[in-house]
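Colleague: Can you read through this structure? Questions will come right after.
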Amino acid sequence: MAHPGVQVIDGRKTFIPLAPDMLSHIPRPVSALILLADTPIYIATRSAVEPTIPLYTGSGPDEPILWMKQTIGHACGLMAVLHVVLNLDSGKHVTGSELHALVKKAVELEPTERAELLYQSKFLEEAHMDAASQGCSIVPSPRDDCGFHFVAFVQKDRKVWELNGGMNGPLLRGELEGDLLSEKGLEMTVNGFLQAAENVDHRGISIVAVSG
């Protein structure tokens, strides 16, 4: 693999072991990835891509992928998790939950109304704040600039989607026979971010693989 990860330079850059021998320890198949990247990495990788994404207007059960616009501050991590769990196996992992009931309503709505439904959800607000308060970092105020971006990559029906509530809509990355940790899968998803991280000053980048 040409770019196994970000090299540590003066202790400031994060090494991410994506060499094949390291990946062999991760349960497969991997059908989703959640990427966390500092703003300089994100800008270097996506500033030219975002303007090319058309404004999404889809809704209904026949959508190829469920995408939700983010209007909640400091919730890009929440949106990434939602995009993963609600699209993998058609959301069966949350069947019977409050989240499942919320999503059943959201599916039928157009993107602006869908975003408003999420924004007004007391259940999501409480779950989000509870998770944030249990972490080891300081919970930012609404006025703070977080400086990091979460992006979800989901493989569904052999198609690979980039799902980011801060963009205009879902981005189809292409079709893939293997899983997201295959060489082609990494090239379609996180490799561009890892390559950018080698060339810009940043505070970190992290990747979570979702298997099963």
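Derivation of every value follows stated rules applied to the coordinates shown; laboratory data play no part. Not measured: the values here are computed from a predicted model. Because the Cβ atoms are built from the backbone with ideal geometry, glycine has one as well, and the counts that use them run over all protein chains shown.
Colleague: Please find the FRET efficiency linking Asp157 to Arg203, where r is the Cβ-Cβ separation and R0 is fixed at 30 Å, and quote it to the nearest 0.05.
Modeller: 0.25
Colleague: His93 to Glu126: extension gain in nm, 0.36 nm per residue of separation minus the Cα-Cα distance?
Modeller: 9.9 nm
Colleague: Next question, about the same structure. Rounded to the nearest 0.05, what FRET efficiency do Glu116 and Arg28 give with R0 = 22 Å and r taken as the Cβ-Cβ distance? Could you check?
Modeller: Details: r = 38 Å, r/R0 = 1.73.
E(calc), rounded to 0.05, equals 0.05.
Colleague: Which aspartates and glutamates does Lys159 reach when only Cα atoms under 19 Å apart count, and residues fewer than 8 places away in its own chain are ignored?
Modeller: Asp62, Glu63, Asp89, Glu175, Glu177, Asp179, Glu183, Glu187
Colleague: Next up: Quickly rank 74-83, 107-116, 196-205, 92-101 as a protection proxy: mean count of other C-beta atoms within 10 Å, highest first.
Modeller: In decreasing order of mean packing, 74-83, 107-116, 196-205, 92-101 become 74-83, 196-205, 107-116, 92-101.
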